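Shown next, in structure tokens, is the structure this report addresses.
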Amino acid sequence: MSNIIHRSLRQTPPIATHASGITVFDNAGNAYLDASGGAAVSSLGHGHPDVIAAMHRQIDRCAYAHTAFFTTEVAEELAQTLVAKAPAGIQGVYLVSGGSEAMETALKLARQYFAEAGETGRSLFIARRQSYHGNTLGALAVGGNEWRRKPFAPLLMEVPRVSPCYEYRDRREGQSVDAYTACLLDELETAIIKAGPEKVIGFVAEPVVGATGGAIPPTPGYFKGVRAICDRYGILFIADEVMCGMGRTGTLFAVEQEGVAPDIITVAKGLGGGYQPIGAVLAQGAIVDRLRHGSGAFLHGHTYIGHPVAAAAALAVQQVIERDNLLEQVQRRGATLKRMLGDVFGKHPHVGDIRGRGLFLGIELVQDRATKAPFAPERKLHAAIKNEAMARGLMVYPMGGTIDGQRGDHILLAPPFIVSAGELSEIVTRLSEAVDAALLK
Ligand code: PMP
């Protein structure tokens, strides 16, 4: 019996012993193609020599320096690198250890931004029903994942919720994409007015939805509309790019493709590519300035913020992405993978949608393509596909997200940016076998 409190307390997962490129090996001699990058984390795959060398160098120089006393060159350089590539106006970077920490930090930074100006009556975040923002209490509260929130509901702040931008399921027959988008934006504006704009801190959303929907991109103009509404009511737009950011969708930040600059952006997973636990909060200069000229400090902090070895790993990952032109590779390989998925699943009776951007792609499983009826939740089809895939040496990220009380099954693919066309073909072949085997059960 393991002493670790695993995800499942009934089943211990295989023991990973080593990993290289896009393959993870276990102690029973099995090899698994990492088609999900863990959870959309491993952007450079496993064992990248440049990242490992950068971490070694930093460990030798200085493995840890507490931010109450010091900053480090490597953390400063990482922050500069991120600011240089971030959407317009982003100037401040707060380095944390992961996605949930980044979201907690973002929520508090947004609250303090208004508190500094005496707007202490602002306490509400508005978020979307289909969203995941992390498992700590603040992040869990803004997330729309009902089954995750339910057991902890009494501990969570109230969060008014609006519909997700989920064209495949929610755009009505005959409704234009623009009309659908306008409805969603109306709903957001109505929610702000209903809550009282003077009470709202910000709107929180994932530019491309990950863990609750399997790579759902926004409709054209949706985030431009969100930006305009936030500006109209003087509230902040917080973009959670923990999963979709850092190159995953083919641009460093997913919102770049929407042509908008959020007030706050959170990133994690792909930032350090799994070599170290690291996340970051990126904020507009105006936010940092208000705190600088106000109380002079952000009332926040964790022991491992700005960790130098984590910063070294992230800096190296980002430098490799730039040096090896990997964003272009993500766009190219992403198009190849989407085409391959289309070839194999395009006419599959139980695949309703194939979607996503770059190497952040999802398929949605349905009982009936015409009605889009999902499979019964008790069937746990997504979990069965994951198990069948693992049995065939393939890692895919399964999801059965709760959407308005309805449960849909999705499979997310997020292979490392270095994946080859041959490996993509093998991934799709194994996935197709796994889906069909799970459907037979
Ligand atoms: N936000 C999003 C969009 C995520 O996908 C995740 C992780 N799946 C998180 C936040 C939380 O990140 P972490 O698991 O690193 O705490």
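The values are calculated or read from the model by the stated rules, or taken from the named source; none is laboratory data. All values derive from a computational prediction rather than experimental measurement. Backbone-built Cβ (ideal geometry, glycine too); neighbour counts: all protein chains shown.
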(request) Report whether or not V204 is under 30 Å from V320 (Cβ atoms), modelled with pLDDT of 95 or more and within 14 Å of the ligand (Cβ to nearest atom). (result) no
(message) When the residues of the stretch 358-389 are narrowed to those that are among the small types (G, A, S) and in contact with a helix residue (DSSP H, G or I) (Cβ under 7 Å, 6 or more places away or on another chain), which ends up farthest from E167 (Cα to Cα)?
(response) A389
(message) I'd like the full set of residues that are more than 16 Å from the ligand (Cβ to nearest atom) and not in a loop (DSSP other than H, G, I, E, B), limited to the stretch 227-257.
(response) R227, A228, I229, C230, D231, R232, Y233, L236, E256, Q257
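If only one of F125, F114 is of a type in the set (F, W, Y), assigned by TED's automatic domain parsing to the domain that holds Q284 and away from the ligand (no atom under 16 Å from the Cβ), which one is it?
From the options F125, F114, the qualifying one is F114.
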(request) Quickly run through the stretch 138-176 and pick out the residues that are within 16 Å of the ligand (Cβ to nearest atom) and among the β-branched types (V, I, T). (result) V142, V159
(request) Give me the pairs, please: first residue somewhere in the stretch 118-142 and within 17 Å of V267 (Cβ to Cβ) and in a loop (DSSP other than H, G, I, E, B), second residue anywhere and hydrophobic (A, V, I, L, M, F, W, C) and within 10 Å of the ligand (Cβ to nearest atom), beta-carbon distance under 6 Å, and either six or more positions apart or on two chains. (result) Y132/A211; H133/M103; H133/A139; H133/V142; G134/M103
